[in-house]
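Step one of this worksheet: look at the structure below.
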Amino acid sequence: MGERVVVGRVGKRHGLDGAFVVEDASADPRWFEVGARLHAGGAEHEVVAVRRAGGRPVIRLSADVPRGTPLEVPREALPPTGEDEYYSFELVGLEVVEEGGRRLGTVASVDPGVANDVLALDGGLLLPLVGACVRDIDLEAGRILVAPGFAESD
């Protein structure tokens with residue numbers, strides 16, 4: 001398949017040994033363990049040192065990579081999801097339709113919220129990613145069905 005998923009980005013340098021803070025780090029710590037392999041800057045690199053700073057992972061790769069470079073893993077390396085579980089990246093680009101057929105937009109991003117994640121649509125609408133709002137997610141059809149009443153009427 002060859003498709004990769006971003007699990008973080010090279011952040012600011014931390015120390016003098018070439019280590020850096022991982023920005024937007026995945027919650028899965030295995031990507032940032034010694035020996036893990038990450039794609040960055042068009043090549044695969046090994047994580048050779050790990051520590052934490054302020055609760056965030058600080059890693060050093062086997063080669064220097066510029067700040068801002070995405071850290072990626074092959075999609076097939078991700079653990080399988082359970083029933084009614086999805087990776088955030090799988091929801092981006094899906095059409096969002098309200099029960100009754102009104103199209104609300106397309107998912108631009110899935111953002112963390114205080115109590116739950118939020119679907120941010122391309123038109124600026126924010127929808128809570130909770131069962132009361134999201135009725136069905138159909139990856140094959142490329143559609144998310146939501147309950148009425150969560151989107152303001154035009």
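Restricting attention to the range 54-77 and to residues that are exposed (fewer than 15 other Cβ atoms within 10 Å of the Cβ) and under 15 Å from residue 6 (Cα atoms), the residue that is nearest to the chain's Cα centre (by Cα) turns out to be 75.
Is it the case that residue 96 is in contact with a helix residue (DSSP H, G or I) (Cβ under 9 Å, 6 or more places away or on another chain) and either closer than 29 Å to residue 38 by Cβ or part of a strand (DSSP E or B) (or both)? Taking the combined requirement at face value, the residue does not satisfy it.
For every residue, the table says whether it meets (1) within 20 Å of residue 30 (Cβ to Cβ); (2) hydroxyl-bearing (Ser, Thr, Tyr); (3) touching a strand residue (DSSP E or B) at 6+ places or on another chain (Cβ under 6 Å).
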site	(1), (2), (3)
58	yes, no, yes
65	yes, no, yes
77	yes, no, no
84	no, no, no
107	no, no, yes
113	no, no, no
117	no, no, yes
129	no, no, yes
136	no, no, yes
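Under the condition of being surrounded by 13 or more Cβ atoms within 10 Å (Cβ to Cβ), more than 18 Å from residue 67 (Cβ to Cβ) and among the charged types (D, E, K, R), the residues counted in the range 1-29 number 1.
Scanning the range 116-138 for residues that are of a type in the set (A, V, I, L, M, F, W, C) and either over 15 Å from residue 97 (Cα atoms) or open to solvent by less than 70 Å² (accessible area, probe 1.4 Å) (or both) gives 118, 119, 120, 121, 125, 127, 129, 130, 132, 133, 134, 137. Screening residue 145 against (1) at pLDDT below 95; (2) more than 19 Å from the chain's Cα centre (by Cα); (3) at negative phi leaves a single unmet condition, (1).
In the list 81, 69, which residue meets the criterion of being out of contact with any helix residue (DSSP H, G or I) (no Cβ under 8 Å at 6 or more places or on another chain) and without any contact (Cβ under 8 Å) to a residue 12 or more places away in the chain?
Values: 69 fails: without any contact (Cβ under 8 Å) to a residue 12 or more places away in the chain.
Every option except 81 fails the conditions.
The single condition from (1) more than 19 Å from residue 111 (Cα to Cα); (2) in contact with a Pro (Cβ under 9 Å, 6 or more places away or on another chain) that residue 9 fails is (1).
Whether any residue in the range 107-115 is within 19 Å of residue 148 (Cβ to Cβ), touching a residue at least 12 places away in the same chain (Cβ under 8 Å) and open to solvent by 30 Å² or more (accessible area, probe 1.4 Å) is what I want to check. Among the residues of the range 107-115, not one is within 19 Å of residue 148 (Cβ to Cβ), touching a residue at least 12 places away in the same chain (Cβ under 8 Å) and open to solvent by 30 Å² or more (accessible area, probe 1.4 Å), which makes the answer no. Among the residues of the range 30-50, those that are within 15 Å of residue 64 (Cβ to Cβ) and out of contact with any His (no Cβ under 8 Å at 6 or more places or on another chain) comprise 40, 41, 42, 43, 44, 46, 47, 48, 49.
The values are calculated or read from the model by the stated rules, or taken from the named source; none is laboratory data. Everything numeric in this text was worked out from a predicted model, so none of it was measured. Cβ sites come from the backbone with ideal geometry, for glycine too, and all protein chains shown count toward neighbours. Surface accessibility is based on the protein's heavy atoms, side chains included, excluding ligands, DNA and RNA. Shrake-Rupley method; radii C 1.70, N 1.55, O 1.52, S 1.80 Å.
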